[in-house]
Amino acid sequence: MGQALRKGARDAEGAAQRLGAVADLLGGARVLRRPLRSRLDAHDAILEGLPGAALKHLVDRLAVLREPASLEKALGMSLRTVQRHRDAPAKPLGREQSGRVWEFAELFAKATAVFGSKDEAERWMARPAIGLEQRRPIDLLATPEGRRLVAEHLERLEYGVYA
């Protein structure tokens, strides 16, 4: 039973670290205007709409999102929509937009953890991946199924399963 409790504590600690990494990509509590202590806090933030400043923070820090086609696939928004939110950072994103931004940040945080750095994660996102039939992960983010494929591929990479 002690082993199960230790595993539960490690899982909770890992979940908190992942949540923190996602929040950091979006500007942290300062930009999000709230601390995110749990996935339910994240749910509530998405439901209410992430602030436009969180989108700006994410896009400004990731070179992989500077290409309009990649931006549209990864976040489901055109460059013009991103620019509108940049011009009104206090205005919240819609629920669907918030969900897409959050999902991308989660996937990117996972890639950063797997590859060890933001730069390596960005390079991986932009290069064809053998485990994804030579498709670029960033291109697969345009659909829910593609996002699942990328997430599953990252899980396999994390555990050393490359095929």
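Things worth noting here:
- Distance from the range 88-163 to the range 55-71 (C-alpha centre basis), Å: 13 Å
- Cα gyration tensor category, rounded, prolate or oblate, for the chain with a/c compared to 1.5: oblate
- Label-zone membership for the range 43-83, site Asp119, 7 angstrom Cα→C-beta point, backbone N under 15 Å: 62-64
- Extension gain (nm, one decimal) between Arg30 and Glu155, 0.36 nm per residue minus Cα-Cα: 42.0 nm
- HN-Hα J in Hz across the range 144-149 - Karplus 6.51, -1.76, 1.60, θ = phi - 60°, x for Gly and Pro: x, 5, x, 5, 5, 4
- The simple Förster model, with R0 at 22 Å and r as the Cβ-Cβ distance, assigns Ala15 and Ala63 a FRET efficiency of 0.20.
- Point-charge dipole on Cβ atoms (K/R +1, D/E -1) for the range 114-163, about Cα centre, debye to 20: 100 debye
- Total charge dipole magnitude, the chain, about the Cα centre, Cβ charges on Lys, Arg, Asp, Glu only, Debye to nearest 20: 320 debye
- List His43, His153, ordered by accessible area with a 1.4 Å probe, largest first: His43, His153
- Extreme residue, positive dipole direction of the chain, given options Gly27, Trp124, Phe108 (C-beta unit charges): Gly27
- Top of Ala16, Ala74, Ala109 by mean-square fluctuation, Gaussian network on the chain, Cα under 10 Å: Ala16
- Added length on full extension, which subtracts the Cα-Cα distance from 0.36 nm per residue, Leu132 to Arg80: 15.7 nm
- Largest to smallest accessible area among Asp139, Asp119, Asp24 [probe 1.4 Å]: Asp24, Asp119, Asp139
- Choice from Glu67, Glu122, Glu133 showing the highest fluctuation, given a GNM over the chain with Cα pairs closer than 10 Å: Glu133
The values are calculated or read from the model by the stated rules, or taken from the named source; none is laboratory data. Since this is a predicted model, take the numbers as computed values, not measurements. Note: ideal-geometry Cβ built from the backbone for every residue, glycine included; neighbour counts use all protein chains shown. Remember, those area values only see protein heavy atoms, side chains included, never the ligands or the DNA or RNA. Shrake-Rupley method; radii C 1.70, N 1.55, O 1.52, S 1.80 Å.
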